[in-house]
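Below: one structure, written as structure tokens.
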Amino acid sequence: MPMTILAETTASLTELKQNPLATVAAGDGFPVAIIDHDVPAFYCIPAKAYERLIDKLEDVELMAIIESRKHQPEIDVAWHEL
């Protein structure tokens, strides 16, 4: 069965078990596809990459809120009323 692997680096489940930190480092900051029985089982990503991913997802969610509210009327508020 054809399968798309969304990572440039792959490692087997056995390699991950033997040396988890070296497996993550092999991706050089990018995801590593962990392969089990010739199929990607999951993607292992460094903490910094995961943090960037979450930040981008939050930005997308905030943009959706902004877009949904951009035609609402503005309300004037004085600083001392906040």
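What follows draws every value from the coordinates through simple rules; no lab data is involved. What you see is a predicted model, and the numbers here were worked out from it, not measured in a lab. For neighbour counting, all protein chains shown are included, and Cβ atoms are generated from backbone atoms with ideal geometry for every residue, glycine included.
Checked against the criteria, Phe30 counts as within 30 Å of Glu15 (Cβ to Cβ) and under 12 Å from the mean Cα position of the chain (by Cα). Taking the criterion of being without any contact (Cβ under 8 Å) to a residue 24 or more places away in the chain and either small (Gly, Ala, Ser) or assigned to a helix (DSSP H, G or I) (or both), the residues of the stretch 21-44 that qualify are Leu21, Ala22, Thr23, Val24, Ala25, Ala26, Gly27, Gly29. Can Ala49 be described as at negative phi, touching a residue at least 12 places away in the same chain (Cβ under 8 Å), not polar (S, T, N, Q) and not in a helix (DSSP H, G or I)? No, not satisfied.
Would you confirm, using the coordinates I've provided, whether Leu16 is in contact (Cβ under 8 Å) with a residue 12 or more places away in the chain, surrounded by 11 or more Cβ atoms within 10 Å (Cβ to Cβ) and assigned to a helix (DSSP H, G or I)? So Leu16 fits the description; yes.
Taking the criterion of being over 13 Å from Ala49 (Cα atoms) and surrounded by fewer than 19 Cβ atoms within 10 Å (Cβ to Cβ), the residues of the stretch 19-33 that qualify are Asn19, Pro20, Leu21, Ala22, Ala26. Kindly indicate whether any position in the stretch 69-82 is in a helix (DSSP H, G or I) and either surrounded by 10 or more Cβ atoms within 10 Å (Cβ to Cβ) or within 21 Å of the chain's Cα centre (by Cα) (or both). No, there is no match, as no residue in the stretch 69-82 is in a helix (DSSP H, G or I) and either surrounded by 10 or more Cβ atoms within 10 Å (Cβ to Cβ) or within 21 Å of the chain's Cα centre (by Cα) (or both). Tally up the residues in the stretch 21-77 that are hydrophobic (A, V, I, L, M, F, W, C) and within 21 Å of Met3 (Cα to Cα), please. Looking only at that region, the number is 10.
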